[in-house]
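Working notes for the structure below.
The values are calculated or read from the model by the stated rules, or taken from the named source; none is laboratory data. Quantities reported herein were computed from a predicted structural model and do not represent experimental measurements. Cβ placement follows ideal geometry from the backbone for every residue including glycine, while neighbour counts extend to all protein chains displayed.
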Amino acid sequence: MGLFAELRSSISRVSASLFADDSEPKRIGIYGPPNAGKTTLANRIARDWTGDAVGPESHIPHETRRARRKENVEIKRNGKTVNIDIVDTPGVTTKVDYSEFLEHDMEKDEAVRRSREATEGVAEAMHWLREDVDGVIYVLDSTEDPFTQVNTMLIGIIESRDLPVLILANKTDLGESNIQRVSNAFPQHETIPLSALEGENMDEVYEKIAEYFG
Amino acid sequence: MPETTSEGGPGDGVQIDLISGARMSGKTSMEKIRMILDGVRDGKIVVLETGLTPDEESKLIEVTMTEINPDDFTGIEIESFPQSETNDTSLLGRLMGKQSSSKLTVIGPANQIQSLHKDETLISALVSRK
Ligand SMILES: Nc1nc2c(ncn2[C@@H]2O[C@H](COP(=O)(O)OP(=O)(O)OP(=O)(O)O)[C@@H](O)[C@H]2O)c(=O)[nH]1
Ligand SMILES: [Mg+2]
């Protein structure tokens, strides 16, 4: 950050705390690996508090290829209102092979375009994480092994920026869901189980959002 | 295979570059990332004695993404050992650069690494020729 940008942001931070009521909403990035349920969660939050959705969900990885923002989502919890902008990001990865999309019945042209969009989206999401995000909701598919290099690196990056982070163990409705494995992987953070699809345990999710990002 | 030889080394071998912490220490983040990606795009396995800082890792992902293309680069595989108990997250520790110290890191081309497996004490890579 340049000196002026830094000054500006520290001034806006000070004024934000002085005039907490009409402060700028916090920008909360929803990060995590592809297919974890980030968009499903973003849509549920947006529908619960604003009435409309953020973007399409799909079982095909890299459905979200451009970060999508839902602004001014007001979440009310325990007499407190938090105002956040939700940014649904593309699933972070270190590799994208267009030929994997061919297995999902896609023509080559479409697969190549999809992978190009995915790589641009991930690059953008990484850039934002360094510049432009006030807090992170990190979504994991709790049926999958959380000990991946991408998860470790991302959590490390988030920690190094001192961003508040909530870890969500998603898809608890599935039999193979293993919440303990997720909390063991990141014992330094709080893990909240949920099913974004079924809407299970959303009360606790909202409580924690208010607590962490309010 | 016909006459084409890879730039990574003679014939169809796999070249492994072990890069010492000393060699990395004088470089800027972008120089480090360039060195890693140039090596990996040539089909090499790059092993870093001291790894990257979180900030550098995020830039590595970002630059990797911008270079992926359907013709010859599908991205990277990367594994490193966790920073164990010596991880010092205090401000002083961070200023001293402890965050990136002794974090052995292995990086290779995604299309050549068939599996990269890790536990606390072992990183194991199965590499195919180009
Ligand atoms: N069973 C179950 N499925 C879920 C849950 N949340 C999401 N899914 C499914 O998981 C798949 C991926 O969901 P998305 O929300 O598109 O995942 P994403 O993390 O946004 O994926 P990318 O945008 O590709 O990174 C879809 O088929 C969802 O219906 C859940 O809580 N339970
Ligand atoms: Mg999505």
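The table below lists the values:
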quantity: Helices (runs of 4 or more DSSP H) within segment B:24-130 that include 2 or more residues at pLDDT 90 or above, surrounded by 13 or more Cβ atoms within 10 Å (Cβ to Cβ) and facing another protein chain (nearest Cβ under 9 Å); calculated: B:54-67
quantity: Residue list for segment A:40-52, restricted to those being more than 12 Å from ligand 2 (Cβ to nearest atom) and not acidic (Asp, Glu); calculated: A:Arg44, A:Ile45, A:Ala46, A:Arg47, A:Trp49, A:Thr50, A:Gly51
quantity: Single residue of A:Asn170, A:Asn178, A:Asn184 found to be out of contact with any Phe, Trp or Tyr (no Cβ under 6 Å at 6 or more places or on another chain) and within 14 Å of chain B (Cβ to nearest Cβ); calculated: A:Asn184
quantity: Selection count where residues are of a type in the set (A, V, I, L, M, F, W, C) and surrounded by fewer than 22 Cβ atoms within 10 Å (Cβ to Cβ), scope segment A:133-152; calculated: 3
quantity: Qualifying positions in segment A:82-127 - more than 10 Å from chain B (Cβ to nearest Cβ), in contact (Cβ under 8 Å) with a residue 60 or more places away in the chain and not acidic (Asp, Glu); calculated: A:Val82, A:Asn83, A:Ile84, A:Val87, A:Thr89
quantity: Pick from segment A:57-75, criterion within 14 Å of chain B (Cβ to nearest Cβ) and charged (D, E, K, R), ranking: farthest from ligand 1 (Cβ to nearest atom); calculated: A:Arg66
quantity: When residues of segment A:1-50 are limited to those that are of a type in the set (Phe, Trp, Tyr) and surrounded by 13 or more Cβ atoms within 10 Å (Cβ to Cβ), the one modelled with the highest pLDDT; calculated: A:Tyr31
